[in-house]
Amino acid sequence: MKMSVSPDIAKPSDEDLMRLALDQARAAAEAGETPVGAVICDPASGHIVAVGGNRPIGAHDPTAHAEIVALRAAAAKLGNYRLTDLTLVVTLEPCAMCAGAISHARIGRVVFGAEDPKGGAVVNGPRFFDQPTCHWRPAVTGGVLAAESSEMLKGFFRARRTKG
């Protein structure tokens with residue numbers, strides 16, 4: 001998915017990065033996918049390493065969540081599946097599958113927008129990073145531009161319910 005702004009932001013804030021993730025979520029929604037977007041950034045340089053939007057329907061891949069799409073792109077770009085010290089910003093609290101992938105990738109920090117009481121696995125549900133079997137625990141910040149992320153999701157599903 002393409003980015004609508006420069007791929008590098010000098011010392012980007014969490015809000016700057018979340019706005020980029022929201023752009024990815026909008027692009028996913030336009031493709032008929034659940035509007036979730038992700039950005040992976042090197043916080044030291046401000047370089048955007050990868051972006052991703054939900055695409056399990058279009059890719060015919062149940063694992064093609066925004067986080068997984070971005071993790072795969074970052075690993076391919078860097079030539080390493082270990083993404084230590086990078087920051088992953090995602091519009092919705094990661095599910096258990098994505099939390100597991102984040103842990104295996106050794107992401108340094110996760111920033112998310114809206115909480116997901118039903119499917120989330122970071123501050124809700126299994127609280128994946130708090131489990132003794134979790135071998136890598138990123139720093140976590142939640143609630144960044146949560147209202148915008150939540151409203152995008154609610155609007156998407158509201159529109160789908162009224163269509164049929």
**OP:** Only residues that are of a type in the set (Ser, Thr, Tyr) and more than 12 Å from the chain's Cα centre (by Cα): list them for the range 79-104, please.
**Re:** Tyr81, Thr84, Ser103
Original post:
Taking the range 115-155, which residues are among the hydroxyl-bearing types (Ser, Thr, Tyr) and more than 12 Å from Ser103 (Cα to Cα)?
Top reply: Thr141, Ser149, Ser150
**OP:** Just need a number here: residues in the range 132-142 that are in a loop (DSSP other than H, G, I, E, B) and among the hydrophobic types (A, V, I, L, M, F, W, C).
**Re:** 2
**OP:** Quick one: in the range 78-131, of everything that is hydrophobic (A, V, I, L, M, F, W, C) and in a loop (DSSP other than H, G, I, E, B), which residue is surrounded by the fewest Cβ atoms within 10 Å (Cβ to Cβ)?
**Re:** Val123
Original post:
So how many residues does the range 76-100 have that are within 18 Å of Ala21 (Cα to Cα) and small (Gly, Ala, Ser)?
Top reply: 1
Original post:
If you take the residues of the range 31-64 that are open to solvent by 30 Å² or more (accessible area, probe 1.4 Å) and in contact with a strand residue (DSSP E or B) (Cβ under 8 Å, 6 or more places away or on another chain), which of them is farthest from Leu83 (Cα to Cα)?
Top reply: Ala31
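The values are calculated or read from the model by the stated rules, or taken from the named source; none is laboratory data. All figures in this text were calculated on a predicted structure; none of them were measured in a lab. Here Cβ is always computed from backbone atoms with ideal geometry, including for glycine, and neighbour counts include all displayed protein chains. What goes into the accessible areas is simple: the full protein's heavy atoms, side chains included, and nothing from ligands, DNA or RNA. Shrake-Rupley method; radii C 1.70, N 1.55, O 1.52, S 1.80 Å.
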